[in-house]
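Working notes, beginning with the structure itself.
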Amino acid sequence: MAQTAMDFAEVDTLLATLRQATTTLEGGAQTFRANTSTGGLFDILESLIEAPMFGNTAGGRSLGLAYSSCQPVMAALLEAFTATSDADGERLEFAIRLFQTEDADAADRMLRAGRDRLDVFSTHVDKGDDDARQAEEINTIGELADDPRSNTIVSGDFNTEHSGDDLADDAINSLGEDRGFDVDAGRIDDGHDGTSSGGKFIDYTMTRGVGSTEATRWDHERSDHDGIRTDVTVTDW
């Protein structure tokens, strides 16, 4: 009987290749999405060469129109490929961590058992100056969400940022360092302040084993917090 094993050096190389592919695909998708209100990539390229991209003939103009119409389709396709590549990378990181902490045969069984599973946790951590209490709650969340078989999402109001050095911040960082979560999966980088009325990034969407798209802001007037919107992709392996 063949024994289950993982060649960590080879798998690390594969993971690095996947991450590079994801970055490249994401860059392509952003290029096709650029300036969509003014024609996006097509207008950008034409402005650079100061001439119609495909010439000023009837055929050239037809090609230009066809190219412009294909732009949103290409953006959508590249976004889909990016999501798949990112999901494979996250799942592979999850598998590596499992094989590092469990017997190889047991790790393989766990991966097979959890391949179609997705656990989702929603939370609201106490607000206040008692960072020890907050840390205790966050650590409890980590324990509840630490099933090694499952792809997992943890989302909610943590009432603290993880850029400081208090106990609650350390507890959030521990979810990433010790439990394998991408604590910044829901980070909104749109040039505005944080998600709370005070301008702090205290709301999180954390993922483990699944891919996620770039997070966007959901501004809801009935709440003093902005929501986080992101799509997740679960692999089929």
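The values are calculated or read from the model by the stated rules, or taken from the named source; none is laboratory data. Quick caveat: nothing in here was measured; it's all calculated off a predicted structure. Using ideal geometry, Cβ is built from the backbone for each residue, glycine included, and neighbour counts are taken over all protein chains shown.
The figures follow:
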| read-out | value |
| --- | --- |
| Residue, nearest to residue 175 (Cα to Cα), within the range 67-88, restricted to residues that are touching a strand residue (DSSP E or B) at 6+ places or on another chain (Cβ under 7 Å) and not hydrophobic (A, V, I, L, M, F, W, C) | 86 |
| Unique match (being modelled with pLDDT of 90 or more, surrounded by 12 or more Cβ atoms within 10 Å (Cβ to Cβ) and within 22 Å of residue 30 (Cβ to Cβ)) among 43, 88, 108 | 88 |
| Some residue of the range 143-162 being of a type in the set (Gly, Ala, Ser) and closer than 26 Å to residue 100 by Cα | yes |
| In the range 116-170, the residues that are in contact (Cβ under 8 Å) with a residue 40 or more places away in the chain and more than 27 Å from residue 95 (Cα to Cα) | 125, 157, 158, 159, 160, 161, 168 |
| In the range 141-169, residue farthest from residue 204 (Cα to Cα) [restricted to those that are part of a strand (DSSP E or B) and of a type outside the set (Ser, Thr, Tyr)] | 151 |
| Evaluation of residue 98 against (1) in contact with a Pro (Cβ under 7 Å, 6 or more places away or on another chain); (2) surrounded by fewer than 16 Cβ atoms within 10 Å (Cβ to Cβ); (3) hydrophobic (A, V, I, L, M, F, W, C) (one fails), failing number | (2) |
| The range 209-237 residues that are among the acidic types (Asp, Glu), paired with ones that are in a strand (DSSP E or B) and modelled with pLDDT of 85 or more (beta carbon under 6 Å, 6 or more apart) | 226/217 |
| Tally, over the range 170-197, of residues that are over 12 Å from the mean Cα position of the chain (by Cα), over 28 Å from residue 99 (Cα atoms) and surrounded by fewer than 21 Cβ atoms within 10 Å (Cβ to Cβ) | 8 |
| Unique match (being over 30 Å from residue 107 (Cα atoms) and among the acidic types (Asp, Glu)) among 157, 147, 182, 119 | 157 |
